[in-house]
1. Tell me the residue from S223, S211 that is modelled with pLDDT of 90 or more, within 21 Å of the chain's Cα centre (by Cα) and of a type in the set (G, A, S), please.
2. Residue check: is D51 within 24 Å of S373 (Cβ to Cβ), within 22 Å of the chain's Cα centre (by Cα) and of a type in the set (D, E, K, R)?
3. So, in region 180-233, exactly how many residues are in a helix (DSSP H, G or I), farther than 23 Å from Q131 by Cα and among the small types (G, A, S)?
4. If I ask for residues that are open to solvent by 10 Å² or more (accessible area, probe 1.4 Å), among the small types (G, A, S) and modelled with pLDDT of 90 or more, which ones from region 227-253 would you list?
5. Do you know which residues across region 245-295 are small (G, A, S) and under 17 Å from the mean Cα position of the chain (by Cα)?
6. Check off (1) within 15 Å of F98 (Cα to Cα); (2) open to solvent by 50 Å² or more (accessible area, probe 1.4 Å); (3) aliphatic (A, V, I, L, M) for L56 and give me the number that stays unchecked.
7. Of all residues in region 347-364, which are crowded, with 24+ Cβ neighbours inside 10 Å and out of contact with any Ser or Thr (no Cβ under 9 Å at 6 or more places or on another chain)?
8. Answer yes if at least one residue in region 296-310 is part of a helix (DSSP H, G or I), touching a residue at least 60 places away in the same chain (Cβ under 8 Å) and within 18 Å of the chain's Cα centre (by Cα), and no otherwise.
Amino acid sequence: MRVYLDRNFLLTYAASFISLFGSKLLMISYVAFVYGETGSATLASAVFAADWIANLFVGLLTTQYIDRADAKRLLLRLNLAAAAVTLAFLACLTPDQFPVAVCVIFVRALLNSAVNAARVKALVQFFDKQQTDIYSAVLNSSLFIAIAAAGAVGTIILNFTGMGTVVLIDVATFLVSAALFACVRPNRARIDEARAAAGAKRESAAQNVRSAARIIAATPAVSTAAFYIVLAVTAFQATYEVLITAVPDLWFSLGESGTALFFTAESLAVIAGLFLYQYLSRRGLVPEHRQRLLNLAVTGFAVCMYAVLGSSRSSLALALTAFVAVVLAGEVVWAHQYKRLIAHTPEAKVSSVVGLMSAVGYSLMAVFGFVFSWGMDALGAEWAVALDLVLISLLVIGWEARAHRSGSRHAESIRPAGTGQSRGAGGQVGEGPRPGGGGRGTEPAAAAGSVRRP
């Protein structure tokens, strides 16, 4: 654990967690408020949609500037701006102000999405290369822990105070986060490297999106990582976040306390999943040559547990157990694939690639959440979960079959005549060559064995 006592890491993690917690606290509290007032999962999901869809704008239009920016200065400004915008919510505390409240949440979400992109850039400006590899999965898992903690705290706060108090707590979190980021000491050598790699060329938003898309498409490890990350935040996270907003009351008549219970379970499951991944990774149990098997095994386990959750309305203990298992498995997949994404992406384009993936992933998250909510209202939770699991299965099977065919064609294309061996194509069949031309060009530590992952 000594590696996590690094001053910059502790400041960055604390600032990131507090900022993310503030970003989600008001939104989740307001979702609970809207659902309590209307009883409509579809209407409540419109709040999530306003938050998630903002990632589309930031991911497509601003990441080229974030890749060239000073991450520390940008994070300071964004958190201060979020504090100011949050104060506007004090005028949106009655049900008849719902449209205005959604607009404020959307603006806050734009700032939050920019913060997330800047945090990715901070990984290559605050730390050296070995630290970036170690901290990437841990730092970015703070998002899911913050969401779960915000859900638990938000629903409890509403039982004792009003939305006005929640707004003021939000403002305070952004100000504290800005103060912590101000104490971070960036790694000047990495900043100079990143600026040199970015060069003098300026790209338009459209050119930046195209270049980021080419990196994803041309690097099999990145495209596989992006697929599983998007799958995790759409077919899993978007749907179970909606589910646990409504199910504790619908199935077990627990009201806000039940929602807080499930959000607390989610935060603990995320932490457990992250440390499980660290344990497996440090012992070399997630090597590159087992990627397909590991992806199928963990995703298949999550699907089975989700199926149990969908049919567990008769037992709160069974529902909680299945829910924790789903979140834990999803976190293992997400942490590993996010780390692979960062490791295989050129540093000068890391915010652009992650921003594009986030734009696609969170826009689809909004769609999945809304459709799943409609399915719950129209068909019931059990049918909504069943249809979601069918879709997950088809997507994973289709992706892995495609990756296998692509890998087989690649292996045939590089096989020397008259031999049965291929000529050192980096990576395993289905993963393609290791990235070059601007990437870091190293396999994740579990495969290379030189730098241990957490």
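The values are calculated or read from the model by the stated rules, or taken from the named source; none is laboratory data. What you see is a predicted model; the values in this text were computed from it and never measured. Here Cβ is always computed from backbone atoms with ideal geometry, including for glycine, and neighbour counts include all displayed protein chains. Note: accessible area is taken over every heavy atom of the protein model, side chains too, but ligands, DNA and RNA are not part of it. Shrake-Rupley method; radii C 1.70, N 1.55, O 1.52, S 1.80 Å.
1. After ruling out the rest, the residue left standing is S223.
2. For D51, the condition - within 24 Å of S373 (Cβ to Cβ), within 22 Å of the chain's Cα centre (by Cα) and of a type in the set (D, E, K, R) - is met.
3. Going through region 180-233 one residue at a time, the tally reaches 9.
4. A232, the sole residue that qualifies.
5. Result: S267, A269, A272, G273.
6. It fails just one condition, (1).
7. Across region 347-364, the qualifying residues are V350, M357.
8. Yes - at least one qualifying residue is present in region 296-310.
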